[in-house]
1. Within region 63-83, which residues are among the hydrophobic types (A, V, I, L, M, F, W, C) and at pLDDT 90 or above?
2. Just the residues that are open to solvent by 70 Å² or more (accessible area, probe 1.4 Å) and more than 14 Å from Asp20 (Cβ to Cβ), please, taken from region 41-55.
3. If I go through region 62-102 residue by residue, how many of them are open to solvent by less than 70 Å² (accessible area, probe 1.4 Å) and of a type in the set (Lys, Arg)?
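The values are calculated or read from the model by the stated rules, or taken from the named source; none is laboratory data. On a predicted model such as this, the values are computed, not experimentally measured, just so you know. Reconstructed Cβ throughout: ideal geometry from the backbone, glycine too, with neighbour counts over all protein chains shown. These area figures cover heavy atoms from the full protein model, side chains too; ligands, DNA and RNA do not enter into them. Shrake-Rupley method; radii C 1.70, N 1.55, O 1.52, S 1.80 Å.
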Amino acid sequence: MPQSAALKTVRNDMKTLVKDAQALFAEAAAATGDKADELRAKGLTLLEAAAEAAQSAQAAAIEKGKEVAAKTDDYVHENPWRAVAISAGLGLLVGLVIGRSK
């Protein structure tokens, strides 16, 4: 599964988990006794699952960032003058855009 698809899945799962937890807590606020305790426990379980999913997404993003940084570093070491030319060209374009916007 591509990284972007995995992150979209995690994001959708997170939204669903949070909505479910909110609904359970709203219901628990209106309930009393054992039913309220049961609903609160379910809500906490959902929130824990959401936190775990968020941590997984964060770990995946960090790993992907490290991979991109390593590939960029390798490219710059293999092609130093090309990297300098690309950086200078991008700097020139950004400077032109900023200069024209003023």
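1. So the first thing to find is which residues in region 63-83 are among the hydrophobic types (A, V, I, L, M, F, W, C), and the list is 68-70, 76, 81, 83.
Those that are among the hydrophobic types (A, V, I, L, M, F, W, C) and at pLDDT 90 or above: Val68, Ala69, Ala70, Trp81.
2. Taking region 41-55 first, the residues open to solvent by 70 Å² or more (accessible area, probe 1.4 Å) are 42, 44-45, 47-48, 52, 55.
Residues satisfying the conditions are Glu52, Gln55.
3. Filtering region 62-102 down to residues open to solvent by less than 70 Å² (accessible area, probe 1.4 Å) leaves 65, 69-70, 76, 79-80, 83, 85, 88-89, 91, 95, 99.
Filter once more, keeping what is of a type in the set (Lys, Arg): none.
Counting residues in region 62-102 that are open to solvent by less than 70 Å² (accessible area, probe 1.4 Å) and of a type in the set (Lys, Arg) gives 0.
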